[in-house]
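Just below is one structure, and these are the notes that go with it.
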Amino acid sequence: MPTCRRKRVVLTEPSDALLQAVTSDPTREVYYLEQTGEIFETYEAYAARMSFYRLRQFQCEVTGKSGLDYFQAIDSERQEARTMHSRFSEPLKPAVLKAVQWQVMGRLDHLVEAVYDRFKDRYFKDERVLVDLSGTKYYARVEKVYPPKYSSDARARDAHKDSASSSTSSSLEDDAPHIIGGDLKVPTKDANVQDNPTLYFYWVHILELEKDKSHDKNKNATRTTEKDGKMVGSLMEVQCGMMSRDRLSFSKSILRRFIRDCVDREAAVASPWTVKPSIAKRYGVDSVMPEETRKGVETIKKGEIDKRKKVWEEKEGPPTKKQKKMTAAQEERVKVLAAAAEKREREAQEKAEKQKLAKEEAERLAAEKKKKKPIRYPTEDLDVRIADKDKKAGMKVKRPVPSRTSLPFNVTPGTFESFLMGWNFLVVYGQPLHLSTFTLDEFEHALRHTHPEPSCALLSEIHSTLIYNLRTVAFQRHSALVSLLRLKDEADQAGRKDAKFGVSIEELTAAMADVGNNWERVPLRHTEGREGWEDALMGCLKDHATITNFPRLQEILTRLLFAPEVPLEPSSSSSSSRVCTPSPASLTHRSTPGEQYYTLPPEDKIAILSFMCNMAISSKAIHGHMESCEEQLTSLRKEKIEVNRLKKQYLEEMNTRLGETKDETSSAMNGVDQDVIMQDSSELSDASESGHEPHPGNTTKKNSIRQKELRLKAQTTAHAKQREAARAKQASIKQALSEHRRLDEEVNKLERRLEGIEREFRKLLGAVRVKALGKDRFYNRIWWFDGMGSASLVGSGGVAQYGTGRLFIQGPSEFDLDFLEQRKDENVEERRREEEGEEGMLGSGDWAVYSDLEELDEFVAWLNPKGHREVALKTALTKWWVHITAGIRKRTADINVSAKLPEARRSARTKNGAGYDVTREPYMLWTNRRAVNSS
């Protein structure tokens, strides 16, 4: 039976309702599983069972193969069973099954061992065996078996040789062999004494010579001789010492498989092994347990239960019973046993106490070792503490407090974030939107612009390009109208007022009817100053906005279409005023979006732009641009790999040439020194020898003079060659140095190209996803938005450019705050007060900014590179430090240039105030160089 998770699979029995339906409703339809014979009442049960059988979690009980489904496991078991039954000796099967019937053994392996030991030297009639005759083995078949009573009577055995003899043959057949030896209830020693297997004699019929199974070429193959030919077909008498069985037909492994396939056992304690009824019937094994055997099994079972009960009582303590009066000897024995038990218990307690002390000591030593173990940096930032020696060395403990007041529109929660998101979207996607870049300051001042005349080109271009983009996004006609009418119905049902600024929804929808109806066909030409963009904006909101995706829709539409009875006096200094336009108590007169847009408070303008940017993200132009950026990023990655490879190649070549140049220079210097020494020595020798003039007439002296002249000539020639070689070496050194300089220039070019690739990579990556520079130890996120999308960090001529010119800090997310709160044992809140300051602690959604270089330097000095997050943040800041500081300096310079008499300019009440010209503001001087004229 296949197993699933080491448990046998039990087939599903039919329910009681199905069994009753056999008689009451025989035509009832059921679901039948043919492979297992199971019957199911519903298809769901049938399908569930079939799905269970199809899972590959079953195991073949015979072979142990796993990862099979139920039907594969069944097939495997059947195939193995057929193979096993065909190999196992057929005459041996009844004897083995009778031996294991009703045996009480805990493990199957023990039963297999017992059966193997009993039957390895016992053979039965018609068995196919191997007979060893003088070292040669023959296959044979057992013809007759003679019990031990015939062992000393050879004439009686010979009398049975002739199978035709009737009386002797019948008497031999009545003596069933191995009756006692095959009974496992009889101990092995007694069985061998009463039924010794070595005293059995067997008449065997020689069938054939055993085939040679050796594959060793050095061994001589067994050849059939004349003697072998005479042996085949003969009948001879043998004993068990000369006989054996083929290992394929009888071994412990095949015996184990045979017994496991034929027997079964209940799960109760000391349950006997029983042969399966069908197999017992086939081989004539008694299926009814004899009374004597039953009593023996019950005795064993009772003994096992008592044994377990005794073990349990010794563990838990015996139940209290009234003890009988004991004799003196029994009392003495009990005292001795009690003393011994007490001694053992005391020794066990002492041993347990020693083990406990040793364990505590080991834990203490392990804890000390763990404390002494040095921390490997970088590690978790919150685990890093500033030591006293670091404080004495000048390490900053408190982070410089970032400014919250210098952030524009940061009074209302969420407004600055929407403002920053809108600016980032417009700058990053400036190319597909056909919009030139502008700074965050220019965007802020444009939103504060309150003069219809002169109009702000930046506002008109931004809204016009978004309107053109939203024409390609699917929309639903009059979605704002439908949403407002639903809001009116809900207000009527709830008994609420639906008016905003004194204007009801009915009045608002009536005013909306005639404004911006053809917004998707209005030509907003750049040459005409995008005239009519306010009405087109109104139409865009009518078809794209709902109360769901634009919660402030009713309020903003009311402000665009209605004006107060007394017009609000606009502020003359729109660029520097930080005070929002006060909300009117009531709006009574109808107006137009062109007149009323500039009276909107900056929060409403930011809400409109934020909504339009969110809708424009789904446009085809933006998606196409993002895909193009992804492709360019891939090509840049490949180019960066190639440039780095080429740079590494140049550096290796430079190092090689530098080493060669050093070797040549040293060898050239050594050659010059040797030349000088040789020249000096030759001159000295000539001088010393020229001091003695030869004697006239002395021929030997003349010969010596001639030899000296020849030697001097040879030395002069050698010196000339050496000088020529030195000049050649100097020339090669000069050439190597020039080649080194050329390679150095190439490396510098490649480094500049890598810097350009990094800037391009930042621009393209910013168009796909905007990522923070990193996080500090308290999970505050650090943002730097310059140089992304259509913006650039370096202008023509290498001039620094900026978008924000600042470093922003965003408070930790709610998830990060939850993580910080979980570290209660470290008192993170108190540490934040100490290292961030009460005023510097940012909550979720809070923003602050560093706009001064000194503050930024202090912040970088505060970062601790021993933490994972802060070392990554410091690395990112170091990578872009030149551009970050250049942008801050450039912004500071621009502010100082444009800030002329700020107090006087703020005090002017009208646009014609003395000394004030709004058209000279930087945001009014901005022009859209990427504009595309549309008809």
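The values are calculated or read from the model by the stated rules, or taken from the named source; none is laboratory data. Here the structure is a predicted model, which means the values were calculated and not measured. Virtual Cβ from ideal backbone geometry, glycine too; neighbours counted across all protein chains shown.
Of the residues making up segment 93-117, those that are surrounded by fewer than 20 Cβ atoms within 10 Å (Cβ to Cβ) and either under 19 Å from R141 (Cα atoms) or not assigned by TED's automatic domain parsing to the domain that holds I180 (or both) are K93, P94.
When you scan segment 702-723, do you find a residue that is touching a Ser or Thr at 6+ places or on another chain (Cβ under 9 Å) and closer than 17 Å to N655 by Cβ, even just one? No - not one qualifying residue is present in segment 702-723.
Could you check, for segment 430-438, whether at least one of its residues is buried (at least 22 other Cβ atoms within 10 Å of the Cβ) and in contact with a Phe, Trp or Tyr (Cβ under 7 Å, 6 or more places away or on another chain)? Yes, segment 430-438 contains a residue that is buried (at least 22 other Cβ atoms within 10 Å of the Cβ) and in contact with a Phe, Trp or Tyr (Cβ under 7 Å, 6 or more places away or on another chain).
Would segment 825-836 turn up any residue that is within 19 Å of F409 (Cβ to Cβ) and surrounded by fewer than 13 Cβ atoms within 10 Å (Cβ to Cβ)?
Let us first name the residues in segment 825-836 that are within 19 Å of F409 (Cβ to Cβ), namely none.
For segment 825-836, residues within 19 Å of F409 (Cβ to Cβ) and surrounded by fewer than 13 Cβ atoms within 10 Å (Cβ to Cβ): absent.
Restricting segment 38-61 to residues that are part of a loop (DSSP other than H, G, I, E, B) and within 39 Å of the chain's Cα centre (by Cα) leaves a set whose member that is farthest from T83 (Cα to Cα) is L55.
Of all residues in segment 480-511, those being modelled with pLDDT under 90, surrounded by 13 or more Cβ atoms within 10 Å (Cβ to Cβ) and polar (S, T, N, Q) number 2. Return the residue satisfying two criteria in turn: it lies in segment 223-250 and is among the polar types (S, T, N, Q) and surrounded by fewer than 15 Cβ atoms within 10 Å (Cβ to Cβ), and of such residues it is modelled with the lowest pLDDT. This residue is T224.
Answer yes or no as to whether A280 is in a loop (DSSP other than H, G, I, E, B) and farther than 13 Å from Q103 by Cα.
Details: in a loop (DSSP other than H, G, I, E, B): no; farther than 13 Å from Q103 by Cα: yes.
Considered against the rule, which asks whether it is in a loop (DSSP other than H, G, I, E, B) and farther than 13 Å from Q103 by Cα, A280 comes out as no.
Of the numbered conditions (1) outside any helix (DSSP H, G or I); (2) over 51 Å from the mean Cα position of the chain (by Cα); (3) of a type in the set (A, V, I, L, M, F, W, C), A491 fails exactly one; give the number of that condition. Unmet for A491, out of (1) outside any helix (DSSP H, G or I); (2) over 51 Å from the mean Cα position of the chain (by Cα); (3) of a type in the set (A, V, I, L, M, F, W, C): (1).
Return the residues of segment 64-73 that are closer than 22 Å to S253 by Cβ and surrounded by 14 or more Cβ atoms within 10 Å (Cβ to Cβ); say none if nothing qualifies. Of everything in segment 64-73, those that are closer than 22 Å to S253 by Cβ and surrounded by 14 or more Cβ atoms within 10 Å (Cβ to Cβ) turn out to be K65, L68, A73.
Given the condition buried (at least 21 other Cβ atoms within 10 Å of the Cβ) and not basic (K, R), answer yes or no: does some residue in segment 525-532 qualify?
no
Would you mind stating whether T509 is within 18 Å of Q596 (Cβ to Cβ), of a type in the set (V, I, T) and out of contact with any Gly (no Cβ under 6 Å at 6 or more places or on another chain)? So T509 fits the description; yes. The selection criterion, being modelled with pLDDT under 90 and in contact with a strand residue (DSSP E or B) (Cβ under 9 Å, 6 or more places away or on another chain), does not hold for G774. Reported count of residues in segment 19-37, each being over 44 Å from the mean Cα position of the chain (by Cα) and assigned to a strand (DSSP E or B), is 2.
Which residues, taken from segment 1-19, are surrounded by 11 or more Cβ atoms within 10 Å (Cβ to Cβ) and over 30 Å from E61 (Cβ atoms)? If the condition is that a residue be surrounded by 11 or more Cβ atoms within 10 Å (Cβ to Cβ) and over 30 Å from E61 (Cβ atoms), then A17 is the only one that fits. Considering the conditions (1) exposed (fewer than 13 other Cβ atoms within 10 Å of the Cβ); (2) modelled with pLDDT under 90; (3) under 20 Å from V799 (Cα atoms), P922 is excluded by exactly one of them, (1). For the residues K648, K640, the requirement of being touching a residue at least 40 places away in the same chain (Cβ under 8 Å), assigned to a helix (DSSP H, G or I) and among the basic types (K, R) singles out K640. The condition of being at pLDDT 90 or above and among the charged types (D, E, K, R) does not hold for D25.
For segment 35-90, which positions are over 30 Å from Y123 (Cα atoms), of a type outside the set (A, V, I, L, M, F, W, C) and touching a helix residue (DSSP H, G or I) at 6+ places or on another chain (Cβ under 7 Å)?
First, pick out the residues of segment 35-90 that are over 30 Å from Y123 (Cα atoms): 35-60, 64-76.
Now narrow it down to the ones that are of a type outside the set (A, V, I, L, M, F, W, C): 35-38, 41-44, 46, 49, 51, 53-54, 56-57, 59, 64-67, 69-70, 72, 75-76.
Listed by number, the residues that qualify are Q35, E38, E41, Y53, Q59, K65, D69, Y70.
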